[in-house]
Amino acid sequence: MATALFLGFSLLMLLRVPVAMAIGGAVVITLISAGYGEGLYIVPQQILEGIDNASLVAVPFFILAGNLMNVSGMTDRIFTFAMTLVGHMKAGLAQVNVLASMVFAGVNGTAVGDIAGLGQLEVKAMRERGYPADFAAALTVASAIVGPIIPPSVGLVVYAYLSGTSVARLFLAGLIPGILVGVSLMIFNRVYATRFNIPVQPRASLRQVLTAARDGLTALVAPGIIMAAIVTGYTTATEAGVLACAYAIIVALIYRQLSWALVWKALTETMTMSSVVMVIIGFSTVMGWLLAIEQAPQQLAQAMLSVTDSKYVFLGLLIVFFLIIGCFVEGVPAKLILVPTLLPLIDRYGVDRVHFGIMVQLALLIGIATPPMGIGLYVVSEVARVPFEKVTIAIMPMLIPLIVTLILLTYFPAISLFLPELIMGKG
């Protein structure tokens, strides 16, 4: 059944069926082909059991917080603040693009939200100052990868639910890797600036920096409030999501940029995105149940152990595997399908689950910037009005620093484990 399940899912994905429907369709087809057509009543039961988990309530709240901050004009203030800091450097606006995404990551937590929120503003500013449109659009996608690594992160909340690990530990573990991803892209921008004659912005005065910092302060302190609340144990991840929503509303009221129309827009976008995530989780639970019946995790473990008993070779194979998967399947459904299957194998090789979570998060995120199915490429193509083919070609060199960073994180677990072990002790 496991083979039929994956073949059915792959075929439906190739036919461009939406991910949730592809998972559900593959499950139903597999059950019927295996002679269990009369047992289809189990499917809705498993779906309900899959989404009946308190920790998943955090997901819509973090999505809502990001949408509220998006409609409150916070993206403009973040961009202005980043401009005053690094706009005068070589390839200054390219550096602003990356730095703004790093700041916005602590507010939004989703890559697509970053592209939709900051993308249009960033690409427009870069084009007006002489940057090629395809380069500006491609960099916007690459820098958005930082979003779901630096906390808060919807993807890490989902992984915590799947793996039974602490949300606080995962959020802390994502800080240094997220900064590393941003730094690697800024180094790439600097190299790019030496090859092309890119105009340099005038240096901002101290007064301009302080003014922008004051206006952007609300965005800068948001991640700190959320992280402090979770790490100190003052709130759970779900309660921190509620806190983030309350904070977003207060900020919008202070700046007088909140209206019922904007609130309604944030709510409808949140409901749409949350519904899609929950449907995927529900169908993925049924898929996991089928794989468990077939003892697929145990068979995979035996197969991998027969190939190699080296932890480092195994990690290398995982990198390649997740990079390929990320090209075709989005991060959340890929985790839901693969993480429960791989966890026994991870434990057998002695890989820390928090370290594994950050590694999987980055590897799958690179997939949103990788053809042929990278969703980030399609989103920025629409937002920036740049042909998909041009964005695809421009993104390819930017994948190099991202993959190098992934390799470093994979083989040096201390990069992701240092902060959680320092603050919370060894798990």
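Any read-out appearing in this document is the output of simple, stated calculations on the displayed coordinates, not a laboratory observation. Note that the structure is predicted; figures quoted are calculated from it, not measured. Virtual Cβ from ideal backbone geometry, glycine too; neighbours counted across all protein chains shown.
Here the Gaussian network model covers the chain, with springs between Cα atoms less than 10 Å apart; of GLY35, GLY87, GLY374, GLY35 fluctuates the most. With the cut-off at under 17 Å, measuring from each backbone N in region 395-420 to a point 7 Å along the Cα-to-Cβ line of VAL183 picks out 401-420.
Given 0.36 nm per residue, what is the gain on full extension from LEU267 to ALA34 after removing their alpha carbon distance, in nm? Computed gain between LEU267 and ALA34 is 79.7 nm.
The angle separating the long axis of helix 414-424 from the principal Cα axis of greatest extent in the chain is about 90 degrees. Among MET359, MET398, MET21, whose mean-square fluctuation peaks in a Gaussian network model of the chain (Cα, cutoff 10 Å)? Of the options given, MET21 has the highest mean-square fluctuation. Computed per residue of the chain from DSSP H runs no shorter than four, each worth -39500 (n - 2.57), the mean residue ellipticity at 222 nm is -25500 deg cm²/dmol.
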